[in-house]
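Notes follow once the structure below has been shown.
What follows is calculated from the coordinates using simple rules that are stated; it is not laboratory data. Predicted, not measured: the structure shown is a model, and the values here were computed from it. Cβ atoms come from the backbone with ideal geometry, glycine included; neighbour counts cover every protein chain shown.
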Amino acid sequence: MHTPSLLEAPLMFTLLDVRQLGPLDAGSQLSRTHLLLYITAGSGILEANGEQTPLHRDSCYIMTPDRRYSLRHESPTPLQGFALAFDAVRISGFAANEPALRREGASFGYCGEVYWYEPPAIAASLAELYETRGQAGPLQQFRRQRMFLDILEQVWRQIEQAPAKPDKDHALQRVIDYMEQAYEQDLTRELLAERARMSPGYFSSAFRKRTGKSPMDMLAEIRVRHAKELLLTSEAPLREIAQTVGYSSEFYFSSRFKQITGLPPSTYVKRSRSRKLASSELYTRHLLPQLPIVDAPESVVGLFLEDHLAALGITPPLQYARSGYYQRYLASKLGDVEHWDVAHPDFERLRQLRPERILLGFSSFAADGRYEQFAAIAPTYVFQQAEADWRATLRQVGELVGRAETAEQAVASYEQTARMARAQLSRVLGRQTVAFLRIHLKQGLCVYGAAGGYVGPVLYEDLRLSMPPLLQEWIAKHQTPVIPIAPEALALLEADHLILVIDDGQAGQAEALMTSPAWLRLAAVRHRRVYIQTTDVWMSFGVLAHTRKIEMLLAALAPTIDR
């Protein structure tokens, strides 16, 4: 749109009339003047210049004089808004050598829909302009003209910022992205259409043409996908899960869930909230009705639960791995068992091995649709917090594989080992404190020790070693088993003994730490009471890992009685 310079003849705009749009505006009409249409509610179609333009809230359209147009309302809410009739005049002949001023009709210079670069803010001004239309007097007329010119300026600026029609596919993708982010909110077709800057009818048609489904069907699929994750990872009741993903009614949620998956939520995932366990028993029966379900399976896959299986005398056909990492300490139990990388899962290979049970040590292993792939191979059991209580987890695994008695024997044997080690370490260490450090791949130097997890239960519960007082304060404050710590803060711990594990690939960071002045000043370092251990043992949970930890501690700490 052309913007005049100061040397050009001035272009003047004058408001002639302002009226509200309503049901009577439907049908074909002729605009004798410039016309600014602005929609505040409802939806419909405007036909002009041989094109159809969807109208919805905040739609704005400029019509030049002597153009025929037609408005069509869409149910249930007819179009509402304002129509401003205005004139454009260009004044010339104001130079000193010209005989008289000349007023000539002019054009606004733009005809069509106004594509807002950002949400408009003219609705309140239009309403005020309409409400004051009956006020008489030159000053009131001047104020209305000024208000009109402010509105027109906003429209003009918008035309210059976004003169081209927005890409429809981009607008629809923006709505899909919004549904992914705000699925838990009360989203309607009308609200989504507004975000796409389309009328609801046109939006639904364009959405279905692009995606093959209606907006509300896609929203339901998004909600159900998130509900699946919650069914596997949370202990929340079904009613709460329904509300979390955007359904106020548990019944309607279950209905939509069944419509999309073919099964109600209770069949898709059989949940035991008390045991923090979810299973695909019913779902797998639905997918594989001919598959026999045995009570004491011989072939069991237990991803990050191989420790438990080995303790029960079961050698799984696959072992958990992630990008080269695996639990090396199990080599004597598992031999050369094939590794299965959870970062790049090969489900076809898993299917070829025909396991009778699949146990997942972390619910994240079942995320992103992988639960369905596991369940289509064998009954799958997802542990939600397996690491929180390894004894309970071992007993559950024992029940699932028909070796409950063996599990109890393994727990009892560990308890006896821990009691003996506790007595020996108590004689050796007395009240000397022990802290556990890890050079973490992502978080750097960290200190461990809270209840639950891999370290705290063994050191401070089973063996009853003394925790540095400051570490107790930090754990109470942070409420997390892993606390990042700066090397300079290690001295504050005043730990008599330090256990250190170094993640793969962190040798450089370990060397920098152990040659730093802050490290070398530590009492535990000066007295040679730092014990470097292996990550795979200490960053694992299970009776075999914990037994190995005790053995390593006895080998490292018991000789200190002579120092």
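Taking the Cβ-Cβ separation of Met514 and Tyr110 as r and a Förster radius of 60 Å, what is the calculated FRET efficiency to the nearest 0.05? About 0.25, to the nearest 0.05. Measuring nothing but how far apart in sequence close Cα pairs (under 8 Å, 6+ apart) lie, relative to its length, the range 168-263 scores a relative contact order of 26 percent.
Evaluated with a Cβ-only charge set (Lys, Arg +1; Asp, Glu -1), the range 11-161 carries a dipole of roughly 400 debye about its Cα centre, given to the nearest 20. Backbone phi angles across the range 448-464, fed through the Karplus curve with coefficients 6.51, -1.76 and 1.60 (θ = phi - 60°), yield HN-Hα couplings of 10, x, 5, 4, x, x, 9, 10, x, x, 6, 5, 9, 10, 5, 9, 6 Hz in residue order; Gly and Pro are listed as x. Measuring nothing but how far apart in sequence close Cα pairs (under 8 Å, 6+ apart) lie, relative to its length, the range 424-562 scores a relative contact order of 29 percent. Using alpha carbon centroids, what distance separates the range 489-505 and the range 205-237, in Å? Here the two parts' Cα centres lie 46 Å apart. On the basis of the beta-carbon distance and an R0 of 25 Å, Ala100 and Leu11 show a calculated FRET efficiency of 0.85. Spacing of the modelled spin labels on Ala343 and Gln135, each 7 Å from Cα toward Cβ, amounts to 6.9 nm.
Taking a label point 7 Å from the Cα of Ser364 along the Cα→Cβ vector, which residues of the range 317-331 have an amide N closer than 13 Å to it? Within reach of a label on Ser364: 322-323.
Over all alpha-carbon pairs in the range 359-460, figure out the percentage whose distance exceeds 23 Å.
Taking all Cα-Cα pairs of the range 359-460, the fraction more than 23 Å apart is 49 percent.
Look at where the Cα atoms of the range 453-469 and of the range 387-416 average out, and the two centres are 21 Å apart.
Within the chain, the ratio Rg/Rh, alpha carbon atoms throughout and Rh by Kirkwood, equals 1.20. Sorting 174-186, 378-390 by their mean Cβ neighbour count within 10 Å, with the most densely packed peptide first, gives 378-390, 174-186.
Comparing Ala278, Tyr247, Thr267 along the charge dipole axis of the range 238-299, the residue lying farthest to the positive side is Tyr247, per the Cβ-charge model. For the chain, the Cβ-based charge dipole about the Cα centre amounts to some 500 debye (Lys, Arg positive; Asp, Glu negative; other atoms uncharged).
Along its principal axes, the range 241-302 has C-alpha extents of 44, 27, 15 angstrom, given from the largest down.
Based solely on its DSSP helices, what 222 nm [θ] is calculated for the chain when runs of n ≥ 4 H residues each add -39,500 (n - 2.57) and the sum is averaged over all residues, nearest 500 deg cm²/dmol? Please report the intermediate quantities before stating the final value.
Working: 23 runs with 226 residues, N = 563.
Calculated at 222 nm, the ellipticity per residue is -11500 deg cm²/dmol.
All alpha carbon pair distances within the range 11-161 were sorted into 5 Å bins beginning at 0; the resulting P(r) in whole percents reads 2, 9, 18, 20, 19, 16, 8, 4, 3, 1, 1, 0, 0.
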